[in-house]
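**Student:** Once you've had a glance at the structure underneath, I'll fire off some questions.
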Amino acid sequence: MHSKMKGKNLISPYLYIGHACNNNCLFCSEADSKFPKKTLGQIKKEILSVRKKYNFINFMGREPTLREDFFSILEFARSKKFKKIGITTNGRLLSYPGFAKKVLISGVNQIGITLNGATPKTHDFLTQVPGSFEQTLQGIKNIVRYKTKNQSLLINFPLNKVNALELNRYLAMIEKLKIKETNILHVAPLSRGSEKKGMIIQMRKGGNIAFNSAKIYIKENRMKILLVEFLPCSLEKKARKYFFPCLEKNPQKIRISLCKKCPYTSKCDGVLKSYIKMYGEKEFKL
Ligand code: SF4
């Protein structure tokens, strides 16, 4: 859980444990947040709180693999017998085969890796770290190679104005790597870096690009693809069943007038204020 999410009723299975990152993504939603370094003791307590409510947990926040006690955290989680233990990572440390194997024998059974483009040029431009594309790609290859059939690998593609036209190439590339699952995420204006119009793609436009690229893979059952945070009212009707909400509640979301008659209100919490400020609400239709 993020420091802003503390509180009895806000225990989330998505536990923020990272405090630093070896990428510096231009659109990072966490860039403006302070992530004070939690102690191992604090994290263990939080894991116990999560366990009381959930049988799964996901370690995330900045770059969790950079913690020197990362494996102690995984070991502790494993001892609590979660059904699923996941990590969300930029995958760069997984490019070291020894590190990737160690993660895979630590009880982790869900790995989510983020790729920002289909080419080193785009990915490294967005991460601001030369060589990060090659490392992340190698990390993906290592996990594909060493994981067992009970361990899942999901690739996250944060869609923005810079990488949108590489989506087709990205899908073809990950299919070749034998990836079976990807999330295409709408990058939202959640930080100073991402509040630039040059980064955030209009949801309807991005949603069209995402669904048009994804539909053949979905139809032919070649890959499971979800459109994360492309709100149903921004998508064409056929695409709406692939909408998936961000699982963390965001207090910056507000209801728009359409929400009153929308059938998706149980899954969708509304639109971010910062998005409406940027693009208004004209694009949303039921
Ligand atoms: S609940 Fe509101 S924001 Fe969400 S899809 Fe429906 S109309 Fe759009």
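Laboratory data are not the source of any read-out in this text; all were calculated from the coordinates shown. From a predicted model like this one, the values you see are computed outputs, not experimental measurements. As a convention, Cβ positions derive from the backbone with ideal geometry for all residues, glycine included, and neighbour counts pool all protein chains shown.
**Student:** Under the rule of at least 5 residues apart or a separate chain, name every residue whose amide H is placed under 5 Å from the amide H of LYS224.
**Tutor:** GLU181, THR182
**Student:** Between SER152 and residues 5 or more places away or on another chain, which pairs have amide H atoms under 5 Å apart, with H built 1.01 Å from N, and which residues are they?
**Tutor:** Those lying under 5 Å, H to H, from SER152 are GLN110, ILE111.
**Student:** Using a Gaussian network for the chain with springs between C-alpha atoms less than 10 Å apart, which of these wobbles most: LEU227, LEU115, LEU154?
**Tutor:** Most flexible of the set in this elastic network: LEU154.
**Student:** Given 0.36 nm per residue, what is the gain on full extension from LEU40 to PHE71 after removing their alpha carbon distance, in nm?
**Tutor:** 10.1 nm
**Student:** To continue, here is another question. From largest to smallest, what semi-axes in whole angstrom does the chain give when each is the square root of 5 times an eigenvalue of its alpha carbon gyration tensor?
**Tutor:** That gives 29, 23, 19 Å for the three semi-axes.
**Student:** Would you work out which of HIS186, TYR96, PRO120 lies farthest towards the positive end of the dipole of the chain, given +1 charges on the beta-carbon of Lys and Arg and -1 on that of Asp and Glu, about the Cα centre?
**Tutor:** HIS186
**Student:** Here's a follow-up. Kindly provide the helix-only [θ] at 222 nm of the chain, computed as the sum of -39,500 (n - 2.57) over DSSP H runs of four or more divided by all residues, to the nearest 500 deg cm²/dmol?
**Tutor:** Using -39500 (n - 2.57) per qualifying helix, the result is -9500 deg cm²/dmol.
**Student:** While we're on this one: Calculate, for SER33 and LYS277, the FRET efficiency according to 1/(1 + (r/R0)^6) with r their C-beta to C-beta distance and R0 22 Å; round to the nearest 0.05.
**Tutor:** 0.70
**Student:** Something else: Please report the antiparallel percentage of DSSP beta bridges with both residues in the chain, rounded to the nearest 5.
**Tutor:** 5 percent
**Student:** Sticking with this one: With a point put 7 Å past each Cα toward its Cβ, work out how far LYS241 is from PHE56 in nm, to one decimal.
**Tutor:** About 2.0 nm separates the two model spin labels.
**Student:** With springs only between Cα atoms under 10 Å, which of LEU104, LEU137, LEU126 fluctuates most in a Gaussian network model of the chain?
**Tutor:** Residue with maximal mean-square fluctuation among LEU104, LEU137, LEU126: LEU104.
**Student:** Right, something else. When every alpha-carbon pair in region 121-273 is counted, what percent end up more than 23 Å apart?
**Tutor:** Tail fraction, whole percent: 41.
**Student:** Further question on the same structure: Quick check: residue separation of ALA164 and ARG255 times 0.36 nm, minus the Cα distance between them. What number comes out in nm?
**Tutor:** Full-extension gain reported as 30.0 nm.
**Student:** Please list, in chain and number order, the residues 5+ apart from LEU272 or on another chain whose amide H is under 5 Å from its amide H, with Hs placed from the backbone.
**Tutor:** Under 5 Å from the amide H of LEU272 lie the amide H atoms of ILE254, each far enough along the sequence or on another chain.
**Student:** From the phi of every residue in region 230-245, what ³J(HN,Hα) in whole Hz does the Karplus formula 6.51 cos²θ - 1.76 cosθ + 1.60 yield, where θ is phi - 60° and glycine or proline is x?
**Tutor:** Each residue's phi maps through the Karplus curve to give 8, 4, x, 6, 9, 10, 5, 3, 5, 8, 5, 6, 9, 5, 9, x Hz.
**Student:** Placing unit charges on C-beta atoms (Lys and Arg positive, Asp and Glu negative, everything else neutral), compute the dipole magnitude of region 2-279 about its Cα centre in debye, rounded to 20.
**Tutor:** 1040 debye
**Student:** Can you list, by residue number, the Cys in the chain that have no neighbouring cysteine C-beta under 4.7 Å?
**Tutor:** CYS21, CYS233, CYS246, CYS259, CYS262, CYS268
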